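A.B. asks: This structure is in structure tokens; I'll ask about it shortly.
Derivation of every value follows stated rules applied to the coordinates shown; laboratory data play no part. This is a predicted model, so every value here is computed, not measured. A quick note on method: Cβ atoms are made from the backbone with ideal geometry, for glycine too, and the neighbour counts reach across all protein chains shown.
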Amino acid sequence: MIRSLLRFLGLVTLAAGFISFIYDATKSVADHTVMITQLGQTWSDLHQTSLVAARPWVEQHIGVWLWDPVIKTLLDQPTWAALLVVGAILILAGRRKKPLIGYARN
């Protein structure tokens, strides 16, 4: 059940990454320049108040060290790349175990 959910979420995330890539590609073709939408910009476009509220929450609950080098770097990445990586990780986490050959599993 959990594996199926992880695979489903991975496929949805991969589809969103592909859609984001197509969106950037069509903007690039239309403007005759390379247009890359950053993950932080996409998050801001979807729900700005949660992006603004995320920084104090992370700094208070986890630590100040996490926001500046880690999360800020992640938010500067292209949206399509971040979504494709997360989708691939989810699909790998939800894959079935390979059957063992030669001996029984207890």
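A.B. asks: Considering the Cα trace of the range 38-77, what is its radius of gyration and what is Dmax, both in angstroms?
C.D. replies: 10.0, 26
A.B. asks: For the pair ARG96 and ALA53, what calculated FRET efficiency results from E = 1/(1 + (r/R0)^6), where r is the Cβ-Cβ distance and R0 = 25 Å, to the nearest 0.05?
C.D. replies: Step by step, r from the Cβ atoms, then E = 0.05.
A.B. asks: Over all Cα pairs of the chain, how is the pair count split among 10 Å bins, expressed in % and running from 0 up to the last occupied bin?
C.D. replies: Bins of 10 Å from zero give 14, 29, 32, 15, 8, 2, 0 percent of pairs.
A.B. asks: Under a Cβ-only charge scheme (Lys and Arg +1, Asp and Glu -1), can you give me the dipole magnitude of the chain about the Cα centre, in debye to the nearest 20?
C.D. replies: 940 debye
A.B. asks: Go ahead and set up a Gaussian network model of the chain, Cα springs under 10 Å, then flag whichever of ILE89, ILE62, ILE19 fluctuates most.
C.D. replies: Of ILE89, ILE62, ILE19, the Gaussian network model singles out ILE62 as fluctuating most.
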